[in-house]
Every structure is written in structure tokens, then in C-alpha cells.
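Report on the structure given below.
The values are calculated or read from the model by the stated rules, or taken from the named source; none is laboratory data. Please read these numbers as outputs of a predicted model, since none were measured by experiment. With ideal geometry, Cβ positions are generated from the backbone for all residues, glycine too; neighbour counts draw on all protein chains shown. Please note that ligands, DNA and RNA were not included when accessible areas were found on the heavy atoms of the full protein model with its side chains. Shrake-Rupley method; radii C 1.70, N 1.55, O 1.52, S 1.80 Å.
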Amino acid sequence: MKTIKHILVAFVLLLAAQITNAQSDYYFPKSGSFDSSIPSPEQFLGYPIGSHYTRHDQIVAYLNELAKKSNKIHVEVIGKTYELRPQVVATITSADNYRRIDDIQKIHATLVDPSKPVIGKNEPVIVDLSYSVHGNETSSAETSLLTAYYLVANQSEETAKFLKEAVILIDPSENPDGRDRAANWYNSYKSYPPVADGLDKEHQEQWPGGRGNHYLNNLNRDWLNLSQIESVNRVEFFHKWYPNIQIDFHEQGSNATYYFEPSPKRHQNPHIPQFLYDFNVVLAKYEAKALDAIGSLYFTKENYDNLSPIYGSTYPKFYGSVGATFEEASSGGILRETTNGLLTFSFTIRNHLATSLATICGAVAEKEGLFKVQKEFFKNALEQGRQSNTKAYVFGDSRDENLTQKFLGILLRHRVKVYELNDNFSQNGKTFQKKKAYVVPSEQPNYQIVNAVFEENILQDSLFMDNTAWSLIQAYGLQYAKVNSTVTKGGLVTSVRLPQGEIKGGASNYAYLLSWTDYNASKALYYLLDKKVLVKTAFKPFTVATPDGNKTYSYGSLVIPVAGQTISSDSLYRTLKIAADSARVSFTSVSTGFNIDGIDLGSSNIKTVSKPEVAVAFGQGINSEEAGQVWFLLNKQLSLPVVKIDVNSFQRALLNKYNTIVLPGGNYAAWDKSLVDKLKNWVNAGGTLVTFQSATAWAINQGLINEKLAESSFSGRRGATVSPAEVKTEATKGKVQETNGQRTFGINQQEETGKRLDYVTQQDVEGASRINGAIFEADIDITHPIGFGLSDRKLYINKNDNTVLVPSANRYATVAQYTSHPFVNGYAPKESISKVKNSAAIIVRGSGAGSIVLFADDPTYRNYWPGTNRLFINALFFANLSEHGFYGAAE
């Protein structure tokens, strides 16, 4: 028996070795010998790579195992996700390099200083390989394991040279939470043997999918705004190294092949020097050679954006790195039928592995050129800033210190040089107070990112994949000025200066006041309402006398009376103090209700605010990013536990538990008349319904509100990348096309009957008729409760949808209206601009005892747009007061 047992063990070991060798031959053909003391991924995990989806904890465990076995790799935790998974980066280089890794980092950092000489050719090149930012683009995270194994275990002279002449940074899973959501899906539905039919459950990942992070945010659009913790951690790590090359690995449609840069010149940012883009062409020959060697098809110079710093492949370009997107056709499971034949998961992994190693090879071979390019980039940026007509940007608002500091924090994370404003400054009717505002000079090495944050970019091309406008200052709605002359600047700012919460005047026996102009006033309000404090809001301004002089409180200001509370005056004071400290806002105590100007504190124009009890539609057919944005905003800004109700559960939901329901953009066609009636009755009974984009169109078409859509909407997102949910919806209508794996909406019937055109021009012509995302200007009524807290009627809105609203017949209901010349930033065709101009952006109407708030656009857009998300927050608190306000009017 013992002999038989030994024979079985030997057989199993032999079989395992054969499987491992087969894997090695497939992934590493002609790669020489490997160190047998280093476990391969297959040996550590217990299954061949490509046969199973590896969870994030297993990925981290394997990298840590390599670090135990070898001094060539070191694993660093750079942060944690919302679901508390570690974000890790593996640094792989020779042992000699790692012994001086701090010196290497310091020397490399001199490349971003235009005054320093270019570093010597003996220094290692820095290569960043970042995998799986979209969690369900799964092949690249598996690739990270093979790449790390190869670099640590392979014993060839070439690999030794790589490690001597490069520091390789591997981010194995940029989106750990989404990665595990996708891995669990695919592993749950895979078959034995695998099923290639694209309609099999394995290949039909359901809502929300693993693309986004915990809050369903698209992390590959968050590099500039840094709304998500993963992005904050990742950008902080980027600025420790400023890689010479940074590759972002993705997946595309299953019928595609493989994409690597160069990108189309028409998709490149005109402010980035051409020599940086040209280096993608230099590196492309290494990628092509690697894919040619294994017989894989590929394409370049098509489709993908290379324009704005919102992406993981483009953000590095604003710091002199040669960034690139690599896109592999997705198997979306272990095996899938495609127009190119059967596509295996292992094949997708092998392609990314080939280009990963080819990138390192190219970086080492071209490192002197890479050093020069990065140095020249910062010299060029400094000169562009010096020659700019705008010499400096001044920003900040003493009425909104928290938003000012939030914006300042973003600039500092991007390593923008910011200075104190030394003297009060005014321009074009805007006043900036010293110590409350800041100066950003154009003449600085990071001018490219300064330009991206503050400037409008009017683009002529139309074939961009995604948003064409990304000006953060406009998104924030923060007061700023472009200055064409010298501004007296103070000291260099190195950290944010968060306001200190306080109660000016101490405890009161009468009332407390809080201005609504500070972005964080909403945080304080929700805290107080949650603690059952009676809070009122002012529908008209008033002025009070304070020890610091007279102070005017504008529309929306909060009044907290001492009388009428369910708690003692001492407890009220303590509760207000906690609210002030946590929200970093300043309350003022008053001893009289008799104001020196405006309404008094007992006026009927100061109305009681109810605590929002909010539900948001979630589930199949809903735009997952929009739903996630609402979830994130309410959790993080208000600490409000929003209830996420699946669209299929609304029929049985007790809607009277909620006083506010939010419908993000999406497809609500499955909601029948009985559910529409249920929703209508809920509104009439006092509920507030808030709708975005296509949900707004649905509400109007269902007769929930007596408003009108424009008869002819512009083409909107036709031609833009389509989400999986949209593919399922639109495929049933015959409107989805796929070109090189890019899913796009097809042309409409009206356009098909127009002028005869050559077939090859279709992409250009159809692309020219859409808006993927551009900034438009609207006029907002700041006296309306939805506009409370704003000081300027000019409102910047991101428009990326085809919903166009006719202004309301009710003269007071159109809260925001696009101007007669609304286009500000990005790309928009003339026909679309014409349809948007003078249309309604926000309409609020009463219905019975309730209200409906229609947003033509997405006010929470990518958690990028505080300028409009504060309006959405206003809707939660004040919408029902607005329609039953001065006259109690309703439809």
C-alpha cells in the first residue's frame, strides 16, 4: 500500500509539473530557465492561470509569497478601498537597485525640475504597469501575476538586464472591490467544460457588474477629481515616482483584437507637446514585435481618447510620462465565441503579458530618450506658462471656505504651486479676500495640469470616446478670475487650512444662525435633523447685528430657534457644537428676533425643514454610475443612509417610508401603469420625486408631471461607448454597432433618409452630431430653494445626454435655464448647441402635496461637479417647501 501511495503521489506531482510546463510554454515560449525555488502562480494558487478568476486577496498573497522568496520584489500597501481591501504595488528591480531605492527615487524626481540637468544613462528607467482599473476587465490582473513571476524567477540575461536598468512598479488590481465582484460572478457561473455561447449566464454579467468600485464609480475617470479613496492613494503614489512609462491595461468588446497606442492625432491634447505623443510610436514597435511573435492581431491609431487628464493613461502625460492604453478583446468568461473565432481567457492574458514584457524591453532600450523627453516636457510646460496671456488664476470665496479648501486640496495633490493671496483683490465684480483666496501662477513646471484645471478647451474634432470638458474650477462652481497682470502673492501653500467649527457669541437663549453659502452647511443641517433638532430655512434675506458688525444672511440661511425644541437649551448648544466641529462651519448666536434689515426671525418666510428620508432606484437598466454617485454623495457629504431599492422591488415597497425618491438615468420601461400610479399617488401625498436625464424624460412621458420635452433632441450619446446594461437594452432595438470592439449606438432613421454620403464617412459624420460631455452655461434663480446658497446666477453644467426640456409654462418653475449662448467648453456640434440654448435645465413643480424636480442633466456627474450636486442636495431638503412656499401653489 505504501508503494502504491508513493506511486500515486509521484504521478500527481508529474501531472502537476506537466501542467505547469504546458502553462510555461504557452505564456513564456523560448524564455529559458526559471528559478525552481520561486513558486509559479499555478503552484501557489493550485490552478492554471486562465482556468479560474483569481480573487484580490489571492493576488496579494502570491505577490507577498514572491517577496518572501526573493529580494527582487517588495510589496507596499498604498492604502485601502472602501471595502477595506489593500491597494498594493509591487516594486521589482535588482537587489543592488533596491538597496539604493530612496536615492533612485530622489534622483529620478529631478526630471520634473526644469532647472536640473537630465539624469545619467546609468540610472534605471521607471516603468509603471497598472492592471484592471475596471474590475470586470479581468485578464490584466491575472497578467500581473505572470509578469511578476517572470521578472522574479526567469534566469535569462535579458531579464537580469531589465532588473538592473529598470524599476518596475506593478499595480496588480487598481480596483480591488470591483475586481472581486467580477471574479465572484465569473467563477460562480463557469461550466465544466466551459460554455462559449455568449448568451450563457457566465458571459452576461448582471447589474452593476464589476466595472466600478464599491460606490460604482468609474475609477478611470477619476484621476483629476480624486473623488474616490483609491484614486487619492494611487495619485499620491504616482507623485513619488513620476514614471517614465505608465501603461493602463484594459479590455474592449469581444469581437475586437488588441489595441495599443499611438492614438489618432485628432484625439490628442493640443497643449501637450507632440514629442511626448511621438514616443508612443517609438515604443509601439516593441509591442508590435511581441504580438507578431505569438501571431496576435492588433490595431493602433483608432478610437481611443488621449486628451484629458481624467484617465490612467493620459494623466501621466501631463507630467511628462509616456502613458498608454492597452486594450484586449474580452472573453468575459473562460471561453467565448467571437467573430474572430473562439476566444479563451488564457489567450487574453497572454496578449497582455506579451505587451507588458515588451514595454519593459522598450523602456530599457529607449531609456535615455525617455529621460530627455520627460525633462523637455517640463521645460516646455514652464515656457508655455510663461508665454500664456493669463499670468495667474485667483480663486476662493470667503462665503464658502470649505469648498475653497476642498479645491485647494485637489491642486496640492496634483503638485500645483499655489500661493496665498496677500492683498484683497477685485476683478469683474468679484472680490477675493486675502487669506481666504489663493493665487496659481501660470509660470510653473506643472502648467499643463494648471491649464487643464482652469482653462476652457474648445475642440473641433467630434469623435471622442468620452467627456470633452474637464475644467475643475467650472465643475466646482467656485469663484475665480483669470488675471493678465501681476498679482501680489504671499507664501507658498503646502497644506489645506480647514475651517474651525465654532458658535460665535456662545450659548443663546433665543436662536442660532448658519449661512447656507458654505458647501458643508448641508452636512451640519442633516446632522441636526437626524438629532431631531428643529431647523428652519429663510426664503428671504435678513441682516443681524453681531459683535463683528452687521451680517447679512442670504436665501437658505438656517435658523435654529431655542424655543420649540424637544431638548434643553444646554443640550441644543452641545448638539450645535458637535455639528459645527464635524462640518467645520460657524454658527452665530443671537439674542433677538428683531433684525436690523429684512425679515425677522419669526417671519412666515422662515420655514421648517424636514429630515430627508431618501430612496434611490438601483438595479438592472439603471445607469449604475449615476446611482452610485447618489449613494456616494449622500453617504460622504451628508452621512445620510440612502436606501437603495431595486427597480423590481418598487411594486411591493412601502413608499410612505420615504419622503424623497431619486430616479437616476436609466430604462424604466418595465414599470407598468400600476406602479406609475403608485408613484403619482405617493407624490400627491407629499413626496418629492427627483429625476435625472432619461428618467426625467420618462416621468414626463408617463404623465407624472405636466411639462414638455423638446420635439427634436440632439444625438446625445449616440456613438459613445455603451454600458453593458445599455447594450442589452439597445440591442433589442437594433441600435448597437460594434467597431474594433467599441460598442456604439447606430444612426437614426431620420438621418438615414438624408443626403447621400460615402459609407467610409459614417463615423466622422455621425460622431459630429453627438455630445459625449461638454460644459454649458445656464442662468439659475438663486432666490429659488433649489438655488439656495449660490451667490452667482451663472451656473456651469456638464451635459452628456439628449434630454432637452422646454421651459415650464409656470413662470416660476424653471429654476435654471440655458442661456442664448450656452456652450462653454469641450466639443459640441452647432445643431446641438442650437437645441440646448434657452432650454430648461431644472424644473420644479408641485403635484398635490408633493413636488417633482426635473434635472435635464446629471447633477452628481461622476462626483466631479459640486457646483450642481449642491443643487441636488437642496432638492432633498427644500423642494417640497418651494412649491408650497409663498402661496402654497401646486398644480
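So here's what we get for this one:
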read-out	value
Nearest-20 debye value, the chain charge dipole, Cβ charges on Lys, Arg, Asp, Glu	1740 debye
Accessible-area ranking of Thr660, Thr566, Thr338, largest first, probe 1.4 Å	Thr566, Thr338, Thr660
Hydrodynamic radius (Kirkwood) for segment 75-129, which is based on Cα pairs only, to one decimal in Å	13.4 Å
Area accessible to solvent at Asp96, 1.4 Å probe radius, in Å²	100 Å²
Stokes-Einstein D for segment 393-456, Kirkwood Rh over Cα pairs, 20 °C, 1.002 mPa s (µm²/s)	177 µm²/s
Cα long-axis angle, helix 521-530 against the chain (0 to 90 degrees, to the nearest 10)	80 degrees
Packing-based order for 306-317, 642-653, 697-708, 257-268, using average beta carbon neighbours within 10 Å, highest first	306-317, 257-268, 697-708, 642-653
Gain in span if fully extended, Gln651 to Asn428, counting 0.36 nm per residue against the direct Cα distance	74.9 nm
With every protein chain in place, segment 374-455: carbon and sulfur % of accessible area (1.4 Å)	38 percent
Enclosed volume per residue, in Å³, of the convex hull spanned by Cα atoms of segment 330-428	255 Å³
Residues Ser604 and Lys372, FRET efficiency given R0 of 56 Å [Cβ-Cβ distance, rounded to 0.05]	0.20
Protection-proxy order for peptides 442-448, 357-363, each taking the mean of Cβ atoms within 10 Å per residue, highest first	357-363, 442-448
Environment charge at Ile503 (Cβ cut-off 15 Å; Lys +1, Arg +1, Asp -1, Glu -1)	0
Cβ-defined net charge surrounding Phe260, 12 Å radius [Lys, Arg +1; Asp, Glu -1]	-3
Pairwise label distance in nanometres, Leu757 with Leu675, each label 7 Å out on the Cα-Cβ vector	3.7 nm
Cα-only Debye scattering, segment 779-891: base-10 log of I(q)/I(0) at q = 0.11, 0.12, 0.23 Å⁻¹	-0.34, -0.40, -1.38
Pairs of alpha carbons in segment 101-243 whose separation is greater than 17 Å (percent)	69 percent
For segment 479-581: relative contact order, % (alpha-carbon pairs under 8 angstrom, 6 or more apart)	34 percent
Protection-proxy order for peptides 854-860, 346-352, 238-244, each taking the mean of Cβ atoms within 10 Å per residue, highest first	854-860, 346-352, 238-244
Cα centroid separation, segment 528-597 to segment 329-350 (Å)	62 Å
Whole-number accessible area per residue in Å² for segment 525-628, which is evaluated in the context of all protein chains at 1.4 Å	41 Å²
Relative contact order for the chain, counting Cα pairs under 8 Å that sit 6 or more residues apart, in percent	10 percent
Heavy-atom surface of segment 788-880, accessible at 1.4 Å and reported per residue (Å²)	29 Å²
Tail fraction, Cα-Cα pairs, segment 374-512, threshold 18 Å, whole percent	60 percent
Cα convex hull of segment 224-263 - mean projected area over all directions, nm²	4.3 nm²
Heavy atoms of Trp207 accessible to a 1.4 Å probe, total area in Å² rounded to 10	50 Å²
Sum of side-chain charges, Asp423 neighbourhood, beta-carbon under 11 Å (Lys, Arg +1; Asp, Glu -1)	+2
Kirkwood-type radius of the chain, with distances r between different C-alpha atoms, in Å	29.2 Å
